[in-house]
Amino acid sequence: MSDCLFCKIRDGQIPAAIIFRDDDVLAFKDINPKAPFHQLVIPTRHLASLATADETDAALLGKLMLVGARLARESGLAEGGFRVVMNAGADAGQSVLHVHLHVLAGRVLAWPPG
Ligand code: 5GP
Ligand code: ZN
């Protein structure tokens with residue numbers, strides 16, 4: 001989508017600290033980290049929200065989780081613990097309408113979230 005921030009990051013039109021990329025997913029550092037480790041994993045294909053995803057997106061959504069876990073593991077943070085979060089919709093705080101999985105770690109994370 002031409003006016004989508006994360007599609008622009010995918011296409012290199014907006015710079016980001018890219019951590020991992022393959023045909024399906026892209027991972028980069030969050031610009032405003034909420035924890036010492038805060039990366040976003042997105043599908044390379046534009047998908048607006050988990051709220052509108054369907055069965056055809058199942059493998060892709062699963063891959064976001066597995067890539068997120070691997071990134072935490074490779075940074076030595078999986079043993080201590082990490083959190084994956086996907087905000088869907090305005091009330092949940094989704095501010096970018098391109099699916100993204102937050103991967104947070106590096107501090108004790110409070111529960112429940114606000
Ligand atoms: P949401 O609130 O939609 O769940 O998460 C959007 C996330 O994208 C936020 O954590 C925000 O800091 C991050 N973000 C917003 N704009 C940019 C940007 O231009 N570059 C990067 N790397 N992250 C961004
Ligand atoms: Zn997009």
Just one of (1) surrounded by 14 or more Cβ atoms within 10 Å (Cβ to Cβ); (2) assigned to a loop (DSSP other than H, G, I, E, B); (3) within 9 Å of ligand 1 (Cβ to nearest atom) trips up LEU40, so point out which. (2)
Single residue of the stretch 2-24 satisfying the filter (among the basic types (Lys, Arg) and near ligand 2 (Cβ under 9 Å from one of its atoms)) that is surrounded by the most Cβ atoms within 10 Å (Cβ to Cβ): ARG10
What are the residues in the stretch 25-37 that are among the hydrophobic types (A, V, I, L, M, F, W, C) and either within 8 Å of ligand 1 (Cβ to nearest atom) or loosely packed, with under 12 Cβ neighbours inside 10 Å (or both), if any? PHE28, ILE31
So, ARG83, is that one touching a residue at least 12 places away in the same chain (Cβ under 8 Å), charged (D, E, K, R) and either assigned to a loop (DSSP other than H, G, I, E, B) or under 17 Å from ASP22 (Cα atoms) (or both) or not? no
Of everything in the stretch 89-102, what is within 15 Å of ligand 2 (Cβ to nearest atom) and surrounded by 15 or more Cβ atoms within 10 Å (Cβ to Cβ)? Give them in sequence order. GLN94, VAL96, LEU97, HIS98, VAL99, HIS100, LEU101
In the set ALA59, ALA78, which member is surrounded by fewer than 18 Cβ atoms within 10 Å (Cβ to Cβ) and touching a helix residue (DSSP H, G or I) at 6+ places or on another chain (Cβ under 6 Å)? ALA78
Mind checking which residues of the stretch 25-57 are touching a residue at least 60 places away in the same chain (Cβ under 8 Å) and within 14 Å of ligand 2 (Cβ to nearest atom)? LEU40, VAL41
Where residues in the stretch 1-21 are touching a strand residue (DSSP E or B) at 6+ places or on another chain (Cβ under 7 Å) and not in a strand (DSSP E or B), which of them is nearest to THR44 (Cα to Cα)? ARG10
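Every number here is computed from the coordinates shown, using simple stated rules; none is lab data. This structure is a prediction, so every number in the text was calculated from the model and none was measured. Virtual Cβ from ideal backbone geometry, glycine too; neighbours counted across all protein chains shown.
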